[in-house]
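FYI, it's all coordinate maths here, none of it is from the lab. Values in this document were obtained by computation on a predicted structure and should not be read as measured data. Glycine also receives a Cβ, built like all others from the backbone with ideal geometry; neighbour counts cover every protein chain displayed.
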Amino acid sequence: MKNRYSRKSILCSEKYYGRGFHSPGGYEVLDLLFKTLELDNIENVLEVGSGLGATTHYFNKYFGAQVIGLDLSQDMVDICKERQTSDESKKVEFIQGDLRFTEFNKNHFDLIWTRETLLYIPENERKKVWNNFYSFLKPGGTLAILEWCRERESVPDEVVEYRKTSNHHDQYPHELLSDLGNSGFTIFLFKDLTNLYVQILKDGLNILQKMENEFKKDFTVEEFKALVERVELKIRAFTRRDFIMTLVKAKKYNN
Ligand SMILES: C[S@@+](CC[C@H](N)C(=O)[O-])C[C@H]1O[C@@H](n2cnc3c(N)ncnc32)[C@H](O)[C@@H]1O
């Protein structure tokens with residue numbers, strides 16, 4: 001799997017997402033997500049696809065947990081490490097690795113969290129990923145996922161092209177839920193957050209457009225235009241429900 005992010009493109013998107021994020025909505029959305037997930041007694045967390053680390057640090061602040069952030073992109077991991085204080089690095093560790101092949105201790109984590117990352121995993125490789133997650137979790141541990149899914153096969157050309165260029169393999173929610181069930185998980189919560197996601201994309205776009213001049217101090221006009229066009233396409237696609245955004249909470253009960 002190719003890493004599609006360069007350091008420059010990471011920092012360019014961060015201007016839109018907010019410091020430490022590589023997905024929209026910032027801390028307001030994190031607060032909402034973790035209130036909805038109703039998690040407690042969380043001591044060890046694995047974040048898979050940790051991006052620029054804001055959520056990874058959030059787990060330490062929110063739960064007081066020991067956290068590992070795993071990401072494929074060496075640049076993402078380097079930026080996280082550069083920004084970390086030595087105190088923070090005792091509680092929050094960033095590791096470069098591919099989620100399909102990175103091993104952790106069995107029965108170790110209370111929570112595995114992943115957001116907008118699993119859609120990069122092709123269908124024939126998902127089963128191994130679910131089995132790994134299951135084995136890394138403690139009995140009673142939780143897998144929580146915020147992920148792009150699809151609702152139908154027929155979508156406009158711009159979405160077909162977007163999927164291809166972004167290397168996305170979004171799946172149907174019923175496939176996701178049955179894959180999790182087949183790997184031993186019990187589903188606790190399934191929520192369609194598409195409307196909320198459209199709203200946060202729009203709010204982010206408004207902010208981005210207001211900071212056009214500031215943005216152009218560090219990036220080119222073309223980079224600004226490309227970012228705006230990408231966000232506008234996402235807004236159209238999620239509004240039409242070519243993509244949907246789903247939140248899942250699943251638990252491991254057995255050993
Ligand atoms: C859209 S970003 C989301 C980042 C973060 N979850 C957030 O919400 O800010 C997707 C992240 O997944 C990472 N990623 C993609 N494929 C991966 C893989 N096979 N293993 C680990 N990380 C991966 C990318 O490098 C990127 O940082």
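Structure notes:
- On the stretch given as segment 136-181, residues that are free of Cβ contacts under 8 Å to residues at least 12 places away in the same chain, surrounded by fewer than 16 Cβ atoms within 10 Å (Cβ to Cβ) and not in a loop (DSSP other than H, G, I, E, B) total 9.
- In the set (1) assigned to a helix (DSSP H, G or I); (2) charged (D, E, K, R); (3) out of contact with any Leu (no Cβ under 6 Å at 6 or more places or on another chain), R241 fails one condition alone, (1).
- Tally of residues being in a helix (DSSP H, G or I) and under 18 Å from the mean Cα position of the chain (by Cα) across segment 79-99: 2
- Test for D75: is it more than 15 Å from the ligand (Cβ to nearest atom), assigned to a helix (DSSP H, G or I) and surrounded by fewer than 21 Cβ atoms within 10 Å (Cβ to Cβ): no
- Just one of the listed residues (S86, S23) is within 13 Å of the ligand (Cβ to nearest atom), small (G, A, S) and either buried (at least 21 other Cβ atoms within 10 Å of the Cβ) or over 21 Å from F188 (Cα atoms) (or both), and it is S23.
- Members of segment 100-111 found to be part of a loop (DSSP other than H, G, I, E, B) and either without any contact (Cβ under 8 Å) to a residue 40 or more places away in the chain or among the charged types (D, E, K, R) (or both), listed by number: R100, F101, T102, E103, N105, K106
- Of L99, L176, L119, all but one fail to be out of contact with any Cys (no Cβ under 9 Å at 6 or more places or on another chain) and on the phi < 0 side of the Ramachandran plot; the exception is L99.
- Failed criterion for L11 (all others in (1) part of a helix (DSSP H, G or I); (2) touching a residue at least 60 places away in the same chain (Cβ under 8 Å); (3) within 11 Å of the ligand (Cβ to nearest atom); (4) surrounded by fewer than 19 Cβ atoms within 10 Å (Cβ to Cβ) hold): (3)
- Of the residues in segment 51-68, none is in contact with a Pro (Cβ under 9 Å, 6 or more places away or on another chain) and farther than 18 Å from L119 by Cα.
- Single residue of N131, N124 found to be part of a helix (DSSP H, G or I), over 18 Å from the mean Cα position of the chain (by Cα) and surrounded by 13 or more Cβ atoms within 10 Å (Cβ to Cβ): N131
- Residue satisfying all of: in segment 84-99; touching a residue at least 40 places away in the same chain (Cβ under 8 Å) and not aliphatic (A, V, I, L, M); farthest from V67 (Cα to Cα) among these: D98
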